Amino acid sequence: MRELLRDAEHLIRLGLLFAAGLLVFLVVRAQLVPAGFGELGHFRAGAIGANQEREPRFAGRAACAECHGEPAESLAAGGHAAISCESCHGALAAHAAEPAEIPGFAATARALCVQCHAMNRARPAGHPQVEPVSHAEGAACTDCHDAHAPGL
Amino acid sequence: MHTLPAVEGFMYPNEMELQWSVLIVLYPFLTGLVAGAFILASLQRVFKVQAVAPTYRLSLLTALAFLLVAPLPLQLHLGHPERSFEMFLTPHRSSAMAMFGFVYLWYLLAVLVIEIWLEYRPYLVGRARATTGATRLFYRALTLGSENLSPRSLEIDDRVGRFVTVIGIPSAFLLHGYVGFIFGSVKANPWWSTPLMPIVFLFSAIVSGIAAVLLIYLFYTWAKRIPLDMPCLDTMAKYLYYAFLVDFALELLDLVHRVYEADESFHTLDFMVKTRLYGSQLVGQIFLGTLVPLGMLALTQLVALSERARKGLYAGAAALTLVGIFLMRWNVVIGGQLFSKSFLGYTTYKMEFATREGLLPAILVMLLPLAVLWALVRLLPPMAATPPETEAR
């Protein structure tokens, strides 16, 4: 037995080295894994609070309607009722908080409309679609269409 | 007319841009080389194929060099160097991807490092005895302070080494089967979701590992002016040929199954293979990367050729094989993201160049294991003579 221990000494040393490595790993792990990790799942529980503390960038439809009542009403009545104001006008929480200082965004660019209305055979058949290059040759869509109550 | 030139038909917004880049192509390629090189090494150790003995150590060092670099593409892809290493610290059973830390560390520490250390122990002890100063200190540290090379201790090493290799084979299968499983288990993606995926990945890993070690062995003997062991090269090429045949048969089985089953995704995938993947899959992977090298290897098996001609054919076949296996990874990873899950549209992969996930870092990550291997070979020469006191072994 003693001889075996002597001849396997290097393996015992290797085992001890691994044990030491494991110990270092566990200590380092305990130091590096953030507090609250695993409390609610395989993530840092504090991340939820940290996300909640971030300022929202979207104001929401109700905030828009406070000042822009007419377009909001016409939007709610028309074919674009399911689309939120900020889908076209951009994230405007800052504008809603300080309307005088921070300007809103008039959504007139053709690029916005063709995201949904460019001709694409993969779209449902009844969906209004145009060829963006030839249709009304470069004029703003809003020259002829009311985006809040779509139609001609 | 489309407003987005790279997109054809209908794509959901989150499908237009590919999230898994060329770095994620490299990851299975690198781990495949690790598993393949290790399995080649185990041919000699466990299955007693003595003809490949000259490449035993080189295979192990190749596996280690590639394994050390294997997580790098993942970490580059993740970004956030301040926290991407946490994938090693907090592995978890909840998802296949979260298990990476377990699989990787097990294979690196419980298999490769121990096997290499046991194999090189006589050499390390010999160097620690024969050198002075810092070199001696370095090699003495690597011996862990034990210079016992008695016949009994070497016999123990041999037994433990064989045991580690026996564990190592399923571990190598686990490592690469796991990588295939990550793709094969994505049930929302019909290009990936097949139970054959881990097996196909595994066999292609063996193929790429043998091809890589064959090329490295050719280069090493040429660079070091060491006589090449032709029976060894012939045996490696034979195993490469057999493994490649099995791999190709499995891929064909997958293909035939898909064509015959022709489920709702079939037309979309068929169109993709014939258009967007035409170059990389039909021409690159299947013709240049599989049929041509298989033909070259078959030629060496069927016709008696001169040594010079065989060497040329082996080198050519191995290089094309590596290209083919790389393209196989490419077609799986990139191909799986090119079509819409609505089956109504396709997007395009635009590779960047000098960005975090661009071509340049991919080339560097691919070259890095070779640099690591160069350093390892200098520290632990694979062809070093056995120290005199261990000749009895």
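The values are calculated or read from the model by the stated rules, or taken from the named source; none is laboratory data. Being a predicted model, the structure only gives us computed values, none of them experimental. Positions of Cβ are generated from backbone atoms using ideal geometry, with glycine treated the same way; all protein chains shown enter the neighbour counts. Surface areas here come from the heavy atoms of the whole protein model, side chains and all, with no ligands, DNA or RNA. Shrake-Rupley method; radii C 1.70, N 1.55, O 1.52, S 1.80 Å.
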Using the Kirkwood radius over Cα pairs of chain B, the Stokes-Einstein translational diffusion coefficient at 37 °C and 0.692 mPa s, in µm²/s and rounded to a whole number, is 146 µm²/s
Asserting the computed 222 nm helical MRE of chain B (DSSP H runs at least 4 long, -39500 (n - 2.57) per run, divided by residue count, to nearest 500) equals -21000 deg cm²/dmol
Checked the range A:29-152 with the C-alpha gyration tensor, a ≥ b ≥ c its square-rooted eigenvalues, rounded below a/c of 1.5, otherwise prolate if a/b is larger than b/c and oblate if not; verdict prolate
Sorted largest first, the C-alpha extents of the range B:1-146 along its principal axes in whole angstrom are 74, 40, 30
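Can you pull the mean other chain C-beta count within 10 Å for peptide B:148-155?
On the way: counts 5, 2, 3, 1, 5, 7, 1, 1.
For peptide B:148-155, the averaged partner shielding equals 3.
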The size of the Cβ-based charge dipole (Lys, Arg +1; Asp, Glu -1) of the range B:8-390 about the Cα centre, to the nearest 20 debye, is 1140 debye
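Would you tell me the mean number of C-beta atoms belonging to other protein chains that fall within 10 Å of each C-beta in A:13-20, as a whole number?
2
If I stretch the segment between B:Met97 and B:His267 completely, what's the gain in nm (0.36 nm per residue apart, minus their alpha carbon distance), one decimal? Intermediate results must be reported in sequence, preceding the final value.
Values: separation 170, 0.36 × 170 = 61.20 nm, distance 2.99 nm.
Gain on extension, B:Met97 to B:His267, equals 58.2 nm.
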Between the alpha carbon centres of the range A:104-152 and the range B:139-162 the gap in Å comes to 77 Å
For the B:Thr90, A:Ala136 Cβ pair and Förster radius 51 Å, calculated FRET efficiency rounded to 0.05 is 0.35
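Using 0.36 nm per residue of separation minus the Cα-Cα distance, give me the extension gain between B:Arg83 and B:Asp158 in nm, one decimal.
23.0 nm
Taking Cα atoms of the protein assembly as shown, Rg/Rh with Kirkwood Rh, to two decimals? Write down the numbers at each step before the final one.
On the way: Rg = 30.0 Å, Rh = 27.6 Å.
Rg/Rh for the protein assembly as shown comes to 1.08.
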Output row, site A:Glu3, 7 Å Cα→C-beta label point, backbone N cut-off 18 Å, window the range B:150-189, residues B:150-159
With Cα coordinates, the longest principal axis of chain A makes an angle with the long axis of helix A:9-32, in degrees rounded to 10, of 30 degrees
Expressed in nanometres to one decimal, the distance between label points 7 Å along Cα→Cβ at B:Ala319 and A:Ala107 is 5.7 nm
The rounded separation in angstrom of the Cα centers of the range A:2-73 and the range B:191-232 is 38 Å
One checks the Cα atoms of the range B:166-294 and finds Rg and Dmax, in Å, of 17.5, 58
With DSSP loop assignment and no more than 16 other C-beta atoms within 10 Å, the chymotrypsin sites (Phe, Trp or Tyr not before Pro) in the range B:47-125 are B:Phe47, B:Phe85
Per-residue ellipticity at 222 nm attributable to helices in chain A (runs of n ≥ 4 DSSP H, -39500 (n - 2.57) apiece, nearest 500 deg cm²/dmol) works out to -13500 deg cm²/dmol
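Between A:Val27 and A:Arg54, what length in nm is gained on full extension when 0.36 nm per residue of separation is reduced by their alpha carbon distance?
Numbers: separation 27, 0.36 × 27 = 9.72 nm, distance 3.28 nm.
Extra length from A:Val27 to A:Arg54 when fully extended: 6.4 nm.
Could you tell me the calculated FRET efficiency between A:Ala77 and B:Tyr278, based on Cβ-Cβ distance and R0 = 51 angstrom, to the nearest 0.05? Before the final figure, lay out each step's value.
Working: r = 51 Å, r/R0 = 0.99.
Step by step, r from the Cβ atoms, then E = 0.50.
Between A:Asp146 and B:Ser342, what's the calculated FRET efficiency when r is the beta-carbon distance and R0 is 25 Å? Round to 0.05.
On the way: r = 31 Å, r/R0 = 1.23.
With R0 = 25 Å, the Cβ-Cβ based efficiency is 0.25.
Over the whole of A:128-138, what's the average partner chain Cβ count within 10 Å per residue? Rounded to a whole number, please. Present the calculation step by step, with values, prior to reporting the outcome.
Details: counts 0, 0, 1, 1, 3, 2, 1, 1, 0, 0, 0.
Shielding by partners across A:128-138 averages 1.
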Here, B:Val166 and B:Val303, labelled 7 Å along Cα→Cβ, have an inter-label distance in nm of 4.5 nm
Spelling it out for B:Gly345: with amide H atoms placed in the peptide plane at 1.01 Å from N, the residues 5 or more places away or on another chain with amide H under 5 Å from its amide H are B:Phe10, B:Ser340
Answer in debye to the nearest 20: the dipole magnitude of the protein assembly as shown about its Cα centre, from +1 Lys/Arg and -1 Asp/Glu charges placed on Cβ, is 2620 debye
Expressed in square angstrom to the nearest 10, the accessible area of B:Lys341 with a 1.4 Å probe stands at 80 Å²
Between B:Ile226 and A:Ala94, the two model label points (7 Å from Cα along the beta-carbon direction) sit apart by a distance in nm of 6.4 nm
For B:Tyr260, B:Tyr27, the accessible-area ranking with a 1.4 Å probe, largest leading, is B:Tyr260, B:Tyr27
Membrane-span-like helices (DSSP H runs, Cα span along own axis at least 30 Å, mean Kyte-Doolittle at least 0.5) in chain B -> B:22-45, B:151-184, B:197-224, B:230-261, B:307-333, B:359-379
Charge dipole of chain A built from unit charges on the beta carbon (Lys, Arg +1; Asp, Glu -1), centred at mean Cα; most positive-end Cα among A:Ala94, A:Ala8, A:Leu32 is A:Ala8
Check: C-alpha center the range B:301-367 vs C-alpha center the range B:37-91, spacing in Å is 19 Å
Applied in sequence order to the range A:91-105, the curve 6.51 cos²θ - 1.76 cosθ + 1.60 (Karplus, θ = phi - 60°) yields integer Hz couplings, x standing for Gly and Pro, of 6, 10, 4, 5, 5, 5, 6, 10, x, 6, 7, 10, x, x, 9
